[in-house]
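Input: a single structure, listed below in structure tokens.
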Amino acid sequence: MKQKSMDQQDDVPLVFVHRPPSFHFPFKDRLSTHFNLLDPLDSPDSTHFVRRHANSIRVLLCVDPTPISSDLLDLLPNLQLIVGSSVGVDHLDLSDCRRRGIAITNSGVAFSEDVADLAVGLLIDVLRGISAAARFVRSGFWAKTGDYPLGFKLGGKRIGIVGLGNIGSQVAKRLEAFGCIISYNSRRKKPSVPFAYYANIYDLAVNSDVLMVCCALTEETHHIVNKEVMAALGKEGVIINVGRGALIDEKEMVRFLVRGEIGGVGLDVFENEPDVPKELFQLDNVVLSPHSAVATPECFDALEELIIFNLKAFFSHEPLRSLVELE
Amino acid sequence: MESIGVLMACPMNTYLEQELEKRFLLFKFWDFPDKALFLDTHRSTIRAVVGNATAGADAELIENLPKLEIVSSFSVGLDKIDLAKCREKGIRVTNTPDVLTEDVADLAIGLILAVLRRLCESDRYVRSGKWKKGDYKLTTKFTGKSVGIIGLGRIGLAIAKRAEAFSCPISYYTRTKKSDVNYTYYPSVIELASNCQILIVACPLTEQTRHIINREVIDALGPKGVLINIGRGPHVDEHELVPALVEGRLGGAGLDVFENEPEVPQVLFGLENVVLTPHVGSGTVETRTVMADLVLGNLEAHFLSKPLLTPVV
């Protein structure tokens, strides 16, 4: 480990790396060619390591949505920017960061297309039973028992998008091409958007056949898809969740599914990953995905470009991309 | 019309069977193990055949039904009907175009996403408990990939429209270039396959298009290419496709149809880059009902001497 003089702190681009212990950091090598990466987990005594470099750290790279505690922020008094690597920021205390004058960037639109693709893929899979039908073929049933049961048509379905941000907008753009009717619920109505707006998710559910959950997880949106919303969606309703597991009351959702009171669900996220309620494994109207909406090489390449851009911009005092609004 | 004999070629739809039984004298071909005896006994009564993608009216059957006036297919594909023979004998033929276009196009996109994003495999990964031990591997992005479509009829165009929403550059092959379309045209299937990442079969099955996906096309599509077949099984030379997939010479496949349904080459079952569905292209409650109504409407129109709804011959 090279010793860096504290006097040179403005010239040497130091980046503090905050990551989960077991996670191997995919673009570490490329970042190392541009920046001096300080990763406490690479040091035998990480606390000592942090204390030694604390005052010179102005930017922190958060790998994976690894929670950042107030205690850590206390140790970094000169921190000005957290560069996130996910679109979600629910692992950060936004008001604490605002109080301390710390800006946050997330992955912005780098992931939006892949997440939207997965959301649409899950919806078609649930309605048409693609994964279930594939199981049917592989088990030899087609030859033995005859035709697979009929699925449900996607065209003409009323899609309610919960959260019309970057991801929600990309979902809307895709589903319009399938002849779906789009409406949405968001914190605020978007004036330039042609879709019907519902001020609350319950009304959206009453008027939809499908809910696409694409919003951020905050205190307000915790369990936003609850029992009342699921009942309003109806017995043939379908829910697709590519946001965060805690956006849906999972226990209630399982009850609805087991009782046949909802049409089906496609889930990429769960309340307690990687634990998934076992009851779901028996159901053919359920499609499960292991939080892999952003797991494509293209996503990681886009993320890498964005992170390098933002780190370079920060050290050059230039405008950053994908700054998170800290309300 | 209760005395008009209608022969249903194979099981296809319970609602259609029930409605046919109400209005006509329905014979279910599969109830009669001795086909020759059946035809001897009932040939003079049968004035209509209802077929589908599995079984229709070939030359032999047509010759054995001297009173046959109309063949009404519960499908848009006509490859199970000897059209030339029907024309020769003045037999009318109807199918079910338009009403199933969207469902088939939706399935094509669903298969692409299932193959590229490994939806079925990831679902299996979660159900088996493997996620507790580690994340599933990276898959491949769909948005922006180049899509090549063989056949730009109703279904081909509907697929193109959907793929455009995923920002996919679209190219196509048809016998003659279409002047009113903004997509890139290739004058041969091989050139199309060489210039796209996802190749979709969406043309009718005829003598010319049988095995249109052959060894050369598969090689041109290559180890990163994906084949989607929502047409007919015989569009693809399965003897070439299967080893190409097993050996990794072709990147992946989403197949809804097979050369010898319901038989599916079992060696494909173990491949994670292959998604197999049991000919469900038009298989939704909504669409099959509309298709059935169209078959019934065509038959009624014929026997009431009114214009047919969706005639082909």
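The values are calculated or read from the model by the stated rules, or taken from the named source; none is laboratory data. Not measured: the values here are computed from a predicted model. Positions of Cβ are generated from backbone atoms using ideal geometry, with glycine treated the same way; all protein chains shown enter the neighbour counts.
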Problem set entry | Those residues of segment B:258-273 which are in contact (Cβ under 8 Å) with a residue 60 or more places away in the chain, more than 9 Å from chain A (Cβ to nearest Cβ) and under 21 Å from B:HIS239 (Cβ atoms), in sequence order | B:ASN273
Exercise. If a residue has to be assigned to a helix (DSSP H, G or I) and more than 9 Å from chain B (Cβ to nearest Cβ) to count, how many in segment A:286-303 make the cut?
Worked result: 3
For this session: Test A:ASP147 against the stated conditions and say whether it is buried (at least 24 other Cβ atoms within 10 Å of the Cβ) and either modelled with pLDDT of 95 or more or not in a helix (DSSP H, G or I) (or both).
Result: no
For this session: Scan segment A:262-274 for residues that are in contact with a Lys or Arg (Cβ under 6 Å, 6 or more places away or on another chain) and either over 16 Å from A:VAL213 (Cα atoms) or within 11 Å of chain B (Cβ to nearest Cβ) (or both) and report the count.
Result: 1
For this session: Taking only segment A:137-163 into account, find how many residues are more than 7 Å from every other protein chain (Cβ to nearest Cβ) and more than 20 Å from B:ALA292 (Cβ to Cβ).
Result: 12
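Within segment B:274-289, restricting attention to residues that are hydrophobic (A, V, I, L, M, F, W, C) and crowded, with 17+ Cβ neighbours inside 10 Å, which residue is farthest from the other protein chains (Cβ to nearest Cβ)?
B:VAL274
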Problem set entry | Per-region count, segment B:121-140, residues part of a helix (DSSP H, G or I), free of Cβ contacts under 8 Å to residues at least 40 places away in the same chain and under 21 Å from A:ASP284 (Cα atoms) | 8
Problem set entry | Those residues of segment B:53-77 which are surrounded by fewer than 23 Cβ atoms within 10 Å (Cβ to Cβ), in contact with a Phe, Trp or Tyr (Cβ under 9 Å, 6 or more places away or on another chain) and under 21 Å from B:GLY231 (Cα atoms), in sequence order | B:ALA55
Exercise. Under 8 Å by Cβ, and 6 or more places apart or on different chains, what pairs join a residue from segment B:7-34 that is over 19 Å from B:VAL290 (Cα atoms) with one that is of a type in the set (Lys, Arg) and surrounded by fewer than 18 Cβ atoms within 10 Å (Cβ to Cβ)?
Worked result: B:PHE29/B:LYS35
For this session: State all residues of segment B:78-136 that are touching a helix residue (DSSP H, G or I) at 6+ places or on another chain (Cβ under 6 Å), crowded, with 24+ Cβ neighbours inside 10 Å and farther than 21 Å from B:PRO204 by Cβ; if no residue qualifies, say none.
Result: B:GLY110, B:LEU113, B:ALA114, B:ARG117, B:LEU119, B:CYS120, B:ASP123
Exercise. List pairs: first in segment B:80-101 and over 16 Å from B:ARG47 (Cα atoms), second in a helix (DSSP H, G or I) and of a type in the set (Gly, Ala, Ser), Cβ under 9 Å, 6+ apart or cross-chain?
Worked result: B:ASP82/B:ALA59; B:ALA84/B:ALA59; B:THR96/B:ALA292; B:THR101/B:ALA158
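Quick one: in segment B:95-116, which of the residues that are in contact with a Phe, Trp or Tyr (Cβ under 7 Å, 6 or more places away or on another chain) and facing chain A (nearest Cβ under 7 Å) is nearest to B:ALA57 (Cα to Cα)?
B:ASP106
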Exercise. Looking at (1) within 14 Å of another protein chain (Cβ to nearest Cβ); (2) closer than 18 Å to A:GLN170 by Cβ, which is the only condition A:PRO277 fails?
Worked result: (2)
For this session: Kindly establish whether B:SER282 is over 30 Å from B:ARG215 (Cα atoms) and among the polar types (S, T, N, Q).
Result: no
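Per-residue answers, yes or no, for (1) more than 7 Å from chain A (Cβ to nearest Cβ); (2) at pLDDT 95 or above; (3) over 22 Å from B:ASN273 (Cβ atoms):
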{"position": "B:TRP131", "(1), (2), (3)": "no, yes, no"}
{"position": "B:THR139", "(1), (2), (3)": "no, yes, no"}
{"position": "B:THR143", "(1), (2), (3)": "no, yes, no"}
{"position": "B:ILE149", "(1), (2), (3)": "yes, yes, no"}
{"position": "B:LEU152", "(1), (2), (3)": "yes, yes, yes"}
{"position": "B:ILE155", "(1), (2), (3)": "yes, yes, yes"}
{"position": "B:ILE159", "(1), (2), (3)": "yes, yes, no"}
{"position": "B:CYS168", "(1), (2), (3)": "yes, yes, no"}
Problem set entry | Scan of segment B:244-263 for residues that are surrounded by fewer than 19 Cβ atoms within 10 Å (Cβ to Cβ) and part of a loop (DSSP other than H, G, I, E, B), ordered by number | B:GLU247, B:GLY248, B:ARG249, B:GLU259, B:GLU261, B:PRO262
Problem set entry | Test: A:ASN272 is in contact (Cβ under 8 Å) with a residue 24 or more places away in the chain and farther than 21 Å from B:LEU113 by Cβ | yes
For this session: Count, please, the residues in segment A:254-274 that happen to be within 22 Å of the chain's Cα centre (by Cα) and either part of a loop (DSSP other than H, G, I, E, B) or surrounded by 15 or more Cβ atoms within 10 Å (Cβ to Cβ) (or both).
Result: 11
Exercise. Restricting segment A:1-26 to residues that are touching a Leu at 6+ places or on another chain (Cβ under 8 Å) and either hydrophobic (A, V, I, L, M, F, W, C) or at pLDDT 60 or above (or both), which is farthest from A:VAL83 (Cα to Cα)?
Worked result: A:PRO21
Seminar exercise, completed: Here the residues within segment A:270-326 that are on the phi > 0 side of the Ramachandran plot and not small (Gly, Ala, Ser) are A:HIS291, A:HIS317
